[in-house]
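Asker: First the structure, then my questions, so here it is.
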Amino acid sequence: MDASALRKYGPLALIVVLAALMTTLAVQNRQLRQQQAVLVSKVEQISKAVHGLPEGARPEAFDATALDGQALTLAGPASGRQILYFFSPACRFCLASVPQIQALDAAGRNNGNRAFEMVGVSLPPHETAADYARQHGFDFPVVNDTDDRITQRYSATMVPMVVVIQDGKVIYRYVGQLKDSSVNAITGAFVVNAARSAMPPPPAG
């Protein structure tokens, strides 16, 4: 290319090269963001997996008294269907989950009959637990776990956490801020567990 052609087409060629470089960098940046999102998701899954009792665990029955004076028994072979909701009045993710908790409680009511027993377990700060439950319309018993005995028994090291129990066995656990889809997954755990129980045992040998 002679000098005149270089002067004529040089700037255009430079623009084309820069555009191609910017496109390549944009693609690489998007791929890095996608990889980072996948990595963050996996880290969150691993982190949540260490909180709470695993599915299949059978926590020992525990007698407790709710804020309204109601006597309760958590878990145990005679517990039937229970959903335990661990929360803290100071937790912003718990606050964001209030509509889903209200929907979850409503899902347990069927023409006046309870499809499951729902129980809230309040972690610190304990002095605001009663006001918090009343303010957010928790129409289910709430236990103020002031001695941390329930929290320790269920390894509730992260809130919000929902533990689904059937006949004394943990059949589902959800950790983190709830979404509308979480309500369906939590209530659906009873159906899934019933289907598993109805399956014939594998053939011997």
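Readers should treat all values here as calculations from the given coordinates under stated rules, not as data from a laboratory. These numbers come from a predicted model, not from an experiment. Reconstructed Cβ throughout: ideal geometry from the backbone, glycine too, with neighbour counts over all protein chains shown.
Asker: What are the residues in segment 138-175 that are assigned to a loop (DSSP other than H, G, I, E, B), out of contact with any Lys or Arg (no Cβ under 6 Å at 6 or more places or on another chain), of a type outside the set (Val, Ile, Thr) and under 19 Å from Glu55 (Cα atoms), if any?
Answerer: Passing the criteria: Tyr154, Ser155, Ala156, Met158, Pro160, Asp167.
Asker: In segment 137-179, which residue that is of a type in the set (D, E, K, R) and within 11 Å of the chain's Cα centre (by Cα) is farthest from Asn193 (Cα to Cα)?
Answerer: Per the criteria, the residue is Lys179.
Asker: Sticking with this one: In segment 49-91, which residues are more than 25 Å from Ala133 (Cα to Cα) and surrounded by 13 or more Cβ atoms within 10 Å (Cβ to Cβ)?
Answerer: Once the filter is applied, which keeps residues that are more than 25 Å from Ala133 (Cα to Cα) and surrounded by 13 or more Cβ atoms within 10 Å (Cβ to Cβ), segment 49-91 yields Glu55, Ala57, Arg58, Pro59, Gly76.
Asker: OK, next. From Phe190, Phe138, grab the single residue that is crowded, with 16+ Cβ neighbours inside 10 Å and without any contact (Cβ under 8 Å) to a residue 60 or more places away in the chain.
Answerer: Unique residue meeting the criteria: Phe138.
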